[in-house]
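Below is one structure; the comments refer to it alone.
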Amino acid sequence: MKKGFLILSIIIAAIAIYFLFFYKHPDEANNEVKQTALRVSAHTDEFNKSFSDIMQTYYTMKDALVNWDTAKASAAAMQLSAAIPALPLKEMNADSLIINTALSYSFNVSGQAKVVAAEGSIEAKRHAFSTLSENLYNLLRTVKYDQNTIYHDKCPMAFQDSIAAYWLSDQREIVNPYLGNKHPKYHSGMLHCGNIEDSIGLLKN
(Lines give C-alpha, C1' and ligand atoms only; values in the text may rest on other atoms or scores of the structure.)
Protein backbone atom coordinates (compact mmCIF):
# COMPACT_ATOMS: atom_id res chain seq x y z
CA MET A 1 0.00 0.00 0.00
CA LYS A 2 2.77 2.37 0.99
CA LYS A 3 4.71 1.43 -2.14
CA GLY A 4 1.70 2.19 -4.34
CA PHE A 5 1.17 5.52 -2.60
CA LEU A 6 4.85 6.42 -3.12
CA ILE A 7 4.68 5.61 -6.86
CA LEU A 8 1.50 7.64 -7.20
CA SER A 9 3.15 10.59 -5.40
CA ILE A 10 6.16 10.43 -7.75
CA ILE A 11 3.89 10.42 -10.80
CA ILE A 12 1.91 13.42 -9.52
CA ALA A 13 5.13 15.30 -8.73
CA ALA A 14 6.51 14.57 -12.22
CA ILE A 15 3.30 15.88 -13.83
CA ALA A 16 3.41 19.00 -11.67
CA ILE A 17 7.05 19.66 -12.64
CA TYR A 18 6.22 19.21 -16.31
CA PHE A 19 3.38 21.73 -16.23
CA LEU A 20 5.38 24.13 -14.10
CA PHE A 21 8.59 24.21 -16.11
CA PHE A 22 8.04 22.68 -19.55
CA TYR A 23 4.41 22.96 -20.63
CA LYS A 24 3.50 25.92 -22.82
CA HIS A 25 0.01 26.97 -23.73
CA PRO A 26 -0.59 26.62 -27.50
CA ASP A 27 -1.09 30.38 -27.82
CA GLU A 28 2.23 31.03 -26.09
CA ALA A 29 4.03 28.55 -28.34
CA ASN A 30 2.46 30.12 -31.42
CA ASN A 31 3.59 33.56 -30.28
CA GLU A 32 7.17 32.33 -29.96
CA VAL A 33 7.03 30.90 -33.49
CA LYS A 34 5.69 34.23 -34.78
CA GLN A 35 8.39 36.21 -32.99
CA THR A 36 11.07 33.95 -34.47
CA ALA A 37 9.58 34.36 -37.94
CA LEU A 38 9.58 38.13 -37.59
CA ARG A 39 13.31 38.12 -36.95
CA VAL A 40 14.25 36.39 -40.19
CA SER A 41 16.08 39.00 -42.23
CA ALA A 42 14.94 40.03 -45.69
CA HIS A 43 18.60 40.48 -46.70
CA THR A 44 21.60 38.23 -47.24
CA ASP A 45 24.24 37.62 -44.60
CA GLU A 46 26.73 39.53 -46.77
CA PHE A 47 24.42 42.54 -46.92
CA ASN A 48 23.79 42.51 -43.17
CA LYS A 49 27.50 42.11 -42.37
CA SER A 50 28.39 45.06 -44.64
CA PHE A 51 25.73 47.27 -43.05
CA SER A 52 26.78 46.23 -39.55
CA ASP A 53 30.37 47.25 -40.27
CA ILE A 54 29.20 50.58 -41.68
CA MET A 55 27.06 51.31 -38.63
CA GLN A 56 29.91 50.49 -36.26
CA THR A 57 32.15 52.93 -38.15
CA TYR A 58 29.39 55.56 -38.01
CA TYR A 59 29.08 55.06 -34.24
CA THR A 60 32.86 55.50 -33.88
CA MET A 61 32.61 58.82 -35.71
CA LYS A 62 29.60 59.86 -33.61
CA ASP A 63 31.41 59.02 -30.37
CA ALA A 64 34.46 60.98 -31.51
CA LEU A 65 32.26 64.05 -31.96
CA VAL A 66 30.81 63.49 -28.48
CA ASN A 67 34.38 63.62 -27.17
CA TRP A 68 35.42 66.57 -29.38
CA ASP A 69 38.06 64.33 -30.98
CA THR A 70 38.43 65.74 -34.52
CA ALA A 71 41.28 63.39 -35.50
CA LYS A 72 39.32 60.25 -34.62
CA ALA A 73 36.19 61.65 -36.28
CA SER A 74 38.15 62.29 -39.49
CA ALA A 75 39.66 58.80 -39.49
CA ALA A 76 36.27 57.14 -38.99
CA ALA A 77 34.72 59.36 -41.68
CA MET A 78 37.34 58.31 -44.23
CA GLN A 79 36.77 54.67 -43.33
CA LEU A 80 33.03 55.14 -43.76
CA SER A 81 33.40 56.86 -47.14
CA ALA A 82 35.42 53.89 -48.40
CA ALA A 83 33.05 51.25 -46.98
CA ILE A 84 29.76 52.65 -48.30
CA PRO A 85 30.41 51.92 -52.02
CA ALA A 86 30.99 48.26 -51.12
CA LEU A 87 27.39 47.80 -49.93
CA PRO A 88 25.78 45.15 -52.19
CA LEU A 89 22.69 47.27 -52.80
CA LYS A 90 22.20 46.01 -56.35
CA GLU A 91 21.74 42.51 -55.01
CA MET A 92 18.67 43.46 -52.96
CA ASN A 93 15.42 41.71 -53.75
CA ALA A 94 13.70 44.97 -54.68
CA ASP A 95 12.53 46.90 -57.72
CA SER A 96 14.85 49.25 -59.59
CA LEU A 97 13.32 52.39 -58.06
CA ILE A 98 14.15 51.25 -54.51
CA ILE A 99 17.63 50.14 -55.52
CA ASN A 100 18.37 53.44 -57.30
CA THR A 101 17.02 55.43 -54.34
CA ALA A 102 19.25 53.44 -51.98
CA LEU A 103 22.24 54.02 -54.26
CA SER A 104 21.54 57.75 -54.27
CA TYR A 105 21.44 57.92 -50.47
CA SER A 106 24.59 55.81 -50.20
CA PHE A 107 26.39 58.14 -52.62
CA ASN A 108 25.40 61.12 -50.46
CA VAL A 109 26.56 59.37 -47.27
CA SER A 110 29.94 58.63 -48.81
CA GLY A 111 30.28 62.21 -50.07
CA GLN A 112 29.37 63.76 -46.72
CA ALA A 113 31.77 61.41 -44.93
CA LYS A 114 34.56 62.87 -47.05
CA VAL A 115 33.40 66.36 -46.05
CA VAL A 116 33.46 65.39 -42.36
CA ALA A 117 37.04 64.17 -42.81
CA ALA A 118 38.15 67.27 -44.74
CA GLU A 119 36.63 70.01 -42.57
CA GLY A 120 39.01 71.58 -40.09
CA SER A 121 36.72 72.77 -37.32
CA ILE A 122 34.53 70.53 -35.21
CA GLU A 123 31.56 72.81 -35.91
CA ALA A 124 31.95 72.26 -39.66
CA LYS A 125 32.41 68.53 -39.13
CA ARG A 126 29.17 68.43 -37.15
CA HIS A 127 27.26 70.22 -39.92
CA ALA A 128 28.46 67.62 -42.44
CA PHE A 129 27.75 64.85 -39.92
CA SER A 130 24.17 66.12 -39.64
CA THR A 131 23.62 65.83 -43.40
CA LEU A 132 25.36 62.45 -43.46
CA SER A 133 23.15 61.16 -40.63
CA GLU A 134 19.92 62.09 -42.40
CA ASN A 135 21.05 60.42 -45.62
CA LEU A 136 22.07 57.30 -43.70
CA TYR A 137 18.72 57.29 -41.88
CA ASN A 138 16.89 57.48 -45.22
CA LEU A 139 19.12 54.73 -46.63
CA LEU A 140 18.23 52.49 -43.69
CA ARG A 141 14.54 53.15 -44.23
CA THR A 142 14.79 52.57 -47.98
CA VAL A 143 16.45 49.16 -47.64
CA LYS A 144 14.11 48.29 -44.74
CA TYR A 145 16.96 47.55 -42.36
CA ASP A 146 15.85 44.73 -40.03
CA GLN A 147 18.77 43.96 -37.78
CA ASN A 148 19.68 45.58 -34.44
CA THR A 149 17.52 48.49 -33.35
CA ILE A 150 18.78 51.91 -34.45
CA TYR A 151 17.39 55.06 -32.84
CA HIS A 152 16.89 58.30 -34.74
CA ASP A 153 17.67 61.01 -32.17
CA LYS A 154 17.12 64.77 -32.25
CA CYS A 155 19.04 67.62 -30.69
CA PRO A 156 16.83 70.76 -30.67
CA MET A 157 19.76 73.14 -30.21
CA ALA A 158 22.59 71.59 -32.22
CA PHE A 159 23.68 74.82 -33.92
CA GLN A 160 23.50 78.35 -32.56
CA ASP A 161 21.45 77.03 -29.63
CA SER A 162 18.32 77.01 -31.81
CA ILE A 163 18.83 74.87 -34.94
CA ALA A 164 17.91 71.20 -34.65
CA ALA A 165 19.94 68.30 -35.99
CA TYR A 166 19.66 64.52 -35.90
CA TRP A 167 21.89 61.53 -35.42
CA LEU A 168 21.68 57.73 -35.16
CA SER A 169 22.43 55.59 -32.13
CA ASP A 170 22.33 51.95 -31.08
CA GLN A 171 21.45 52.95 -27.49
CA ARG A 172 18.25 54.34 -25.99
CA GLU A 173 20.27 56.71 -23.82
CA ILE A 174 20.77 60.14 -25.39
CA VAL A 175 24.46 60.99 -25.80
CA ASN A 176 24.57 64.15 -27.91
CA PRO A 177 27.35 64.43 -30.55
CA TYR A 178 26.47 68.07 -31.36
CA LEU A 179 27.00 69.44 -27.85
CA GLY A 180 29.27 66.72 -26.50
CA ASN A 181 31.10 66.59 -23.20
CA LYS A 182 33.53 69.49 -23.68
CA HIS A 183 31.28 72.32 -24.84
CA PRO A 184 32.87 75.75 -24.17
CA LYS A 185 29.62 77.08 -22.71
CA TYR A 186 27.78 74.04 -21.32
CA HIS A 187 30.74 71.71 -20.71
CA SER A 188 29.10 68.28 -20.26
CA GLY A 189 25.85 69.73 -18.97
CA MET A 190 23.98 69.22 -22.26
CA LEU A 191 25.46 65.82 -23.08
CA HIS A 192 22.09 64.12 -22.64
CA CYS A 193 20.04 66.85 -24.31
CA GLY A 194 17.69 65.48 -26.98
CA ASN A 195 15.03 62.86 -27.60
CA ILE A 196 14.29 59.77 -29.67
CA GLU A 197 12.27 60.63 -32.78
CA ASP A 198 12.08 57.21 -34.45
CA SER A 199 13.58 53.73 -34.50
CA ILE A 200 14.54 51.25 -37.21
CA GLY A 201 15.27 47.55 -37.03
CA LEU A 202 14.03 44.96 -34.54
CA LEU A 203 11.86 47.42 -32.63
CA LYS A 204 9.90 48.21 -35.81
CA ASN A 205 9.04 44.56 -36.56
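The values are calculated or read from the model by the stated rules, or taken from the named source; none is laboratory data. As the structure is a prediction and not an experimental result, all values here were calculated from the model. Note that each Cβ is placed from the backbone with ideal geometry, even for glycine, and that neighbours are counted across all protein chains shown. Keep in mind that these areas ignore ligands, DNA and RNA; they rest on the heavy atoms of the full protein, side chains included. Shrake-Rupley method; radii C 1.70, N 1.55, O 1.52, S 1.80 Å.
Looking across segment 53-65 at every residue that is open to solvent by 10 Å² or more (accessible area, probe 1.4 Å) and in contact (Cβ under 8 Å) with a residue 60 or more places away in the chain, the one that is farthest from ALA158 (Cα to Cα) is identified as TYR59. For segment 89-96, does any single residue satisfy the condition of being closer than 30 Å to TYR186 by Cβ and open to solvent by 10 Å² or more (accessible area, probe 1.4 Å)? No - not one qualifying residue is present in segment 89-96. In summary, helices (runs of 4 or more DSSP H) completely within segment 1-102 and bearing 2 or more residues that are modelled with pLDDT of 95 or more occur at 45-66, 70-83. Among the residues in segment 178-189, are any more than 24 Å from SER106 (Cβ to Cβ) and not in a loop (DSSP other than H, G, I, E, B)? Yes, because at least one residue in segment 178-189 is more than 24 Å from SER106 (Cβ to Cβ) and not in a loop (DSSP other than H, G, I, E, B). Scanning segment 182-195 for residues that are of a type outside the set (A, V, I, L, M) and open to solvent by less than 50 Å² (accessible area, probe 1.4 Å) gives HIS183, CYS193, GLY194. Under the condition of being open to solvent by 30 Å² or more (accessible area, probe 1.4 Å) and either over 18 Å from TYR137 (Cα atoms) or part of a helix (DSSP H, G or I) (or both), the residues counted in segment 158-172 number 4.
Can you tell me which condition LEU191 does not meet? The list is (1) touching a residue at least 60 places away in the same chain (Cβ under 8 Å); (2) touching a helix residue (DSSP H, G or I) at 6+ places or on another chain (Cβ under 7 Å), and all the others hold. For LEU191, the exception is condition (2). For first residues located in segment 104-130 and closer than 19 Å to LEU87 by Cβ, partners that are open to solvent by less than 60 Å² (accessible area, probe 1.4 Å) and outside any helix (DSSP H, G or I) and lie 6+ apart or on another chain with Cβ distances below 8 Å form the pairs SER106/LEU87.
The residue that is nearest to the chain's Cα centre (by Cα), among those in segment 113-157 that are farther than 28 Å from HIS43 by Cα and open to solvent by less than 10 Å² (accessible area, probe 1.4 Å), is CYS155.
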